[in-house]
Structures are given as structure tokens and as C-alpha cells.
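The block underneath contains the structure these notes are about, expressed in C-alpha cells.
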Amino acid sequence: MLITYLGGESELIFEKRIMNKAFFVLSKLDVPFRDCVKGEEKVSVFVPLYRRRTIEKSFSSHGLPFERGRMRGLPHLVYRYRKRWGIPVGALILAIMLFMAQRVIWCVDISGNTSVPDKEIEELLEKLGCGVGDTYKNIDFDLLHNRFLMESESIAWISVNMNGNHANVQVREKDPLEIDDEEGYYNIVASEAGQIERIAAIDGKPVVELYDTVLAGELLISGAISYKETFNRFESAEGSVYARVHRAFDVSVPLKQTVKVETGEKTVKNSIRFFNFDINLFLKGGIPYEFCDKIAVCDRFTLFDTVPLPLWVEKEEYREYEMKETTLTESEAELLAIKEYRKKLSEVLGDGELISKNVTKSFDGDTYTISCSLYCIDDIAKKVPLLIGEENTENKETE
């Protein structure tokens with residue numbers, strides 16, 4: 001039955017009065033036929049599609065009238081849907097996926113990470129030959145684990161286990177103290193000028209006191225310690241030093257501005273990524289416009305909304321714009337300056353505690369300016385390497 005379906009069949013119809021002669025011709029040609037239906041005036045049988053021309057030629061030579069009926073089987077199905085290119089393409093993709101199902105990695109599932117993003121782990125695994133589309137039967141997983149840990153600065157342990165064609169990756173991140181552990185000894189100096197408000201030394205010895213005024217680069221906590229000038233000890237200074245600091249900044253917005261205006265023209269480029277293969281569905285590559293914004297979207301197919309497949313559809317949209325000169329009003333410039341001022345204030349203040357600020361606004365006819373002067377309490381501790389040598393003996397502190 002399967003062979004008959006793959007080869008296809010054609011219906012042969014002839015008059016009932018010539019039925020005996022027709023069957024004689026078919027038997028003489030050694031043609032098998034099936035599903036014979038005898039009507040009041042006509043008879044129909046199904047014969048192999050590849051023998052149809054031979055049968056029709058023989059019937060014509062014997063003077064036997066006949067008609068072509070319907071077809072059935074795979075060839076007829078292909079012919080019927082020949083203009084629907086999505087069906088054969090989908091069948092081809094399905095065949096390739098089934099062929100590769102037990103040979104390559106379809107997806108990578110990562111667990112155990114909190115601060116390290118999945119993308120970073122996936123990229124390193126792909127670099128080491130354990131990404132989507134790689135043949136996992138050729139992977140030495142013990143060697144993979146060792147190479148991964150040698151190249152990763154944030155992962156302390158990793159295990160990759162195959163579950164069918166899914167790579168289940170379990171990781172354990174390094175302790176933050178372990179990551180930040182520097183070799184050698186360090187001093188803590190002032191990152192900017194200020195008046196000391198609070199000292200929290202964990203390691204090392206403070207060399208400043210409360211309410212002292214220090215300049216940028218001045219030593220705050222020393223890692224070089226001496227005992228009664230007879231015994232020297234070095235350690236890496238650690239801690240925080242909070243000081244009252246002064247900071248100032250200006251924000252200026254000119255009335256004459258160059259703004260970006262979209263023209264309404266856009267170009268969309270679609271592509272398909274199957275495992276590690278990219279198939280472009282566009283003819284011209286490159287950026288289509290001199291000035292444009294690019295918006296890229298990548299969607300991954302999933303089976304039954306749960307099983308991810310190694311098939312992505314990538315869409316890139318290019319929107320053209322042009323630069324035009326425009327002149328703002330004073331109120332428009334003020335609104336832009338206030339927006340930029342708030343953003344700048346957040347950057348300048350950082351994690352500091354605001355004590356006071358003085359804000360002034362000015363407009364000279366061409367530019368709107370906001371000036372800000374503020375005082376805040378912030379951690380000014382900055383770690384710098386401690387160079388052990390003769391020069392350190394002059395700066396050693398005595399407990």
C-alpha cells in the first residue's frame with residue numbers, strides 16, 4: 001500500500017460493453033489494477049500512474065475508447081499543492097529537523113545563575129563548541145567544564161548534561177569577595193577633596209581623623225603598619241571614608257538645535273536562522289539609508305509553547321530620518337534644560353546623601369543655562385596599590 005501511495009494511481013474509465021477487451025489488454029500488458037467499479041454503462045479501475053501512457057497508447061491502437069478519471073496518491077498531492085511553496089518548505093524543514101534531532105543541540109537551558117546573565121554563559125559555551133547547532137556526540141564534557149572555568153571570571157562550577165537534544169547547564173557563581181580579591185597590598189586614598197564625617201576601616205590603619213580636611217589623592221587608610229619602629233607589617237587596606245564634599249555642574253541648552261525628523265521611509269529585512277545557518281529573505285544587503293534607526297527583533301519558535309526549537313525569525317527594520325535645523329522658544333529650552341539638569345544631578349550625586357544645593361537659571365538670548373552647586377556626604381575611599389620599598393618607611397604609622 002505504501003509503495004502504491006508513493007507511486008500514485010490514475011483512474012481509467014471505459015464503456016461496459018468493451019469490458020472483456022479492456023481487461024484482455026490490461027492482462028496482456030501485465031498491468032495490475034485495483035478498485036474496479038462496475039456501473040450501468042461504464043466501468044472504472046485504478047492503474048499505476050507510471051503505466052498510464054502505455055495503457056492509453058495500447059487502448060488507442062486496439063480502438064477502445066477510454067476516459068481519464070481522477071488521480072490519487074503522493075504525486076497527485078504534490079501536483080495539487082504545487083503553488084503553495086510553504087508546504088514543501090515546511091516538509092523539508094521537518095525532515096532536516098528529524099534528521100538532526102539526535103545529532104545536534106537544539107537549545108541550552110541554564111540554571112543556578114543570579115547575577116551572571118544567560119547570554120554571557122551561552123556565548124562562552126558556543127565559543128567552546130557547545131552551542132545550538134553543535135554536534136554534542138563529539139564533545140568531551142570533562143574538557144569543556146575545565147576550559148569554561150579557565151575562561152570565565154564569574155563562574156566557580158559548571159555541569160553540562162544532555163537530555164535528548166537539550167543541554168541542561170547548571171552553574172554556581174563565584175562569591176563576590178572571591179571575585180574582588182586582588183593580589184598585593186593596597187592603600188586607601190581620597191578620590192576628591194572634602195571634610196571627613198565618618199570613618200569605617202575594616203583592614204589597615206586610618207591616618208585621618210573626624211572633621212579633617214583632605215585633598216584628592218591624600219592617604220586615608222594605610223596598609224603599611226609598624227610596631228614601635230621595630231616590626232613592620234603590610235596588609236590590604238579596606239573600608240569606607242565618608243566626607244562632606246562640594247560638587248558643581250552646568251547645563252546649557254542653545255535655542256538653535258539640530259533635530260532628527262523621520263521621513264516616513266522604511267525598509268524591512270527578514271531572515272531565518274536554523275541552527276547555525278542564516279537564510280536571508282532579502283536581496284540587497286547593507287544599510288539602505290544614509291541616516292536611519294535600526295530596530296531588530298528576534299523571535300524563537302516553540303513547540304506547544306513549551307519546547308524551544310532551533311528556529312528563529314529575525315526582523316530588521318530601518319527607518320530613515322534627516323537632520324533639520326530648528327529654533328526653540330525660551331520655554332522649550334527651559335523644559336529641555338530642566339530635563340537634562342535632573343539627569344545630570346542624579347549622575348553627580350550618585351549614592352551620596354544630599355545636604356544642600358543652590359540652583360540658578362539664566363538666559364542670554366541664545367542659550368538657557370542652569371547652574372547647580374551642592375554639598376553632599378559621600379564615600380571618597382579609593383583603593384590604590386601599596387608599593388613596598390624604602391619610600392614606605394617614611395610613611396609608616398605606629399600603633
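The values are calculated or read from the model by the stated rules, or taken from the named source; none is laboratory data. Treat the numbers as computed from the prediction; the structure is a model and nothing was measured. In this analysis, Cβ positions are derived from the backbone assuming ideal geometry, glycine residues included, and neighbour counts consider all displayed protein chains. Just the protein is used for accessible areas: all its heavy atoms, side chains included, with ligands, DNA and RNA removed. Shrake-Rupley method; radii C 1.70, N 1.55, O 1.52, S 1.80 Å.
At a glance:
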| quantity | calculated |
| --- | --- |
| Cα pair count fraction exceeding 23 Å, expressed as % - segment 31-163 | 61 percent |
| Separation of alpha-carbon centers, segment 261-329 and segment 83-151, rounded to whole Å | 24 Å |
| Cα-derived Rg to Rh of segment 259-374, Kirkwood definition | 1.22 |
| Within the accessible area of the chain (1.4 Å probe), percent carbon and sulfur | 52 percent |
| Rule-of-thumb Rg ratio for segment 20-104 [Cα; 2.2 N^0.38 Å; N residues] | 1.61 |
| For Glu192, distant residues with modelled amide H under 5 Å away | Gly217 |
| Dipole magnitude of the chain, debye to nearest 20 (Cβ charges: Lys/Arg +1, Asp/Glu -1, about Cα centre) | 5020 debye |
| Net charge, Pro48 excluded, C-beta distance under 10 Å - Lys, Arg +1, Asp, Glu -1 | +2 |
| Modelled FRET efficiency - R0 25 Å, Asp299 with Leu77, Cβ distances, 0.05 increments | 0.25 |
| Overall dimensions of the chain as given by Cα atoms, namely Rg and Dmax in Å | 40.0, 131 |
| Mean projection area, nm², convex hull over Cα of segment 196-323 | 19.2 nm² |
| Helix 52-61 axis, angle to the chain major axis (alpha carbon atoms, nearest 10°) | 20 degrees |
| Relative packing of peptides 184-193, 134-143 - highest average C-beta neighbours within 10 Å first | 184-193, 134-143 |
| Under 10 Å, Cβ to Cβ, from Asp378 - net charge with Lys/Arg +1 and Asp/Glu -1 | -3 |
| Solvent-accessible area per residue, Å², over the chain with all protein chains present [probe radius 1.4 Å] | 65 Å² |
